[in-house]
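Take a look at the structure set out below.
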Amino acid sequence: MTAARGTNEYEVWARAVEGDAGAFGELFDEHRDRVFGHALRALASRHDAEDATAIVFLELWRHRRRVRVVNGSVIGWLLVTTNNVCRNQARSNRRYRLALSKLSPERSHPDPSDELGAELDRDRSAPSVREVFAQLNARDQDILTLCVLEELTTAEAALALRIPIGTVKSRLYRAKNRMAELMLQSTPDVREGWSL
């Protein structure tokens with residue numbers, strides 16, 4: 001249900017698929033905060049999360065005729081797409097930093113705002129969990145995003161990912177174990193502060 005209108009999201013989505021910008025706007029209003037929150041957890045930068053959110057909704061519009069609606073909602077598709085966009089942005093950022101490092105090995109005058117921004121981002125969240133999550137493969141990230149972070153049922157996740165429920169359950173089990181192993185390897189004392 002969309003909070004603003006009290007109508008079934010599937011009906012709103014059907015209008016959006018036909019090109020109704022108002023209906024698409026309703027869906028954007030309904031899901032942008034969840035998409036942004038997920039992107040922020042993945043990227044640790046408000047600016048990057050805002051960019052990712054915009055890209056996700058642009059992709060939703062571009063691919064609207066192929067998007068799979070699960071239980072009357074497009075949120076599963078949005079969250080998996082958010083994972084993909086965040087991975088692409090992280091890769092792009094790494095390439096950019098690598099290219100810059102090759103141009104000038106040392107900056108003669110560091111920009112103080114860079115350190116301040118990094119410090120603010122570090123203070124907002126636990127970077128160790130984010131770093132460990134980034135080490136997981138795409139399938140594990142998608143399963144954890146849908147089932148743990150966004151609390152979709154295994155049936156809903158199966159529909160969103162187009163895989164059997166049993167596969168979701170086994171992947172979820174393995175992804176949780178892999179995440180726990182990586183957390184313990186990164187810092188043994190992280191267990192007290194670990195929350196996804």
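Data overview
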item: Segment 1-70 - Rg and Dmax from Cα coordinates, angstrom; result: 12.6, 35
item: Relative packing of 45-51, 74-80, which averages over residues the other C-beta atoms within 10 Å, highest first; result: 74-80, 45-51
item: Listed peptides 15-24, 152-161, 93-102 by packing density, highest first (mean Cβ within 10 Å); result: 152-161, 15-24, 93-102
item: Linear extension gain, Arg94 paired with Arg130, 0.36 nm per residue minus alpha-carbon span; result: 11.4 nm
item: Å² per residue, accessible surface of segment 20-86 at 1.4 Å; result: 44 Å²
item: Residue-wise HN-Hα coupling along segment 91-101, computed from phi with Karplus coefficients 6.51, -1.76, 1.60 (Hz; x: Gly, Pro); result: 4, 4, 5, 4, 4, 4, 4, 5, 4, 5, 5
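The values are calculated or read from the model by the stated rules, or taken from the named source; none is laboratory data. Here the structure is a predicted model, which means the values were calculated and not measured. Quick reminder, even Gly has a Cβ in these numbers, built from the backbone with ideal geometry, and neighbours come from all protein chains shown. These area figures cover heavy atoms from the full protein model, side chains too; ligands, DNA and RNA do not enter into them. Shrake-Rupley method; radii C 1.70, N 1.55, O 1.52, S 1.80 Å.
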